[in-house]
Amino acid sequence: MMIALVIVAVTVSSALLAAGMWAAWRETERAERDPRYKRKILLRLSLLYIGCAAFGIAEVVSGREPKQSLLGLPIAAVLAWAYLRAATRMKVPPA
C-alpha cells in the first residue's frame with residue numbers, strides 16, 4: 001500500500017512540475033517576442049518585491065515580527081530596483 005501511494009504521489013508531482021515548466025516555457029517565449037509583455041513582467045516582479053518589503057516593514061513596526069527579519073530588506077530593495085530599472089530602460093514600440 002505504501003509503495004503504491006509513493007508511486008502515485010511521484011507521478012502526480014511530476015505531472016504538476018511538467019505542467020508548470022510548460023507554462024514557464026510558453027511565457028518565456030512570449031516575453032522574447034513581445035517587449036510590452038516582458039516589461040509588464042518586470043514591473044510585476046518589482047511591485048511584488050516592493051509590496052513584500054512594505055509588508056515586512058509594517059510587521060516589524062507593529063511588533064509582530066522581530067527586527068532581525070529586516071536583514072533581508074536590502075536584497076529585496078536591490079532586486080526591486082534592478083527590475084524597475086530594466087523595465088524603464090526597455091524600448092517598447094509605440095502603439
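Looking at the structure I just gave you, is residue 54 farther than 30 Å from residue 94 by Cβ, surrounded by 12 or more Cβ atoms within 10 Å (Cβ to Cβ) and modelled with pLDDT of 95 or more? No. Here residue 95 does not fit the description of being of a type in the set (A, V, I, L, M) and part of a helix (DSSP H, G or I).
Report yes if residue 46 is at pLDDT below 95 and of a type in the set (S, T, N, Q), otherwise no.
no
Residues that are free of Cβ contacts under 8 Å to residues at least 24 places away in the same chain, surrounded by fewer than 10 Cβ atoms within 10 Å (Cβ to Cβ) and among the charged types (D, E, K, R) do occur in the stretch 57-72. Looking at this structure, is residue 19 surrounded by 13 or more Cβ atoms within 10 Å (Cβ to Cβ), hydrophobic (A, V, I, L, M, F, W, C) and assigned to a helix (DSSP H, G or I)? For residue 19, the condition - surrounded by 13 or more Cβ atoms within 10 Å (Cβ to Cβ), hydrophobic (A, V, I, L, M, F, W, C) and assigned to a helix (DSSP H, G or I) - is not met. Of all residues in the stretch 73-95, those satisfying the criterion of being over 23 Å from residue 30 (Cα atoms) and surrounded by fewer than 12 Cβ atoms within 10 Å (Cβ to Cβ) are 74, 75, 78.
Just checking, which of 37, 49 is part of a helix (DSSP H, G or I), within 23 Å of residue 94 (Cβ to Cβ) and not acidic (Asp, Glu)? Result of the check over 37, 49: 37.
The values are calculated or read from the model by the stated rules, or taken from the named source; none is laboratory data. Keep in mind that what you see is a predicted model, and the values were worked out from it rather than measured. Here the Cβ is made from the backbone with ideal geometry for all residues, glycine too, and neighbour counts use every protein chain on show.
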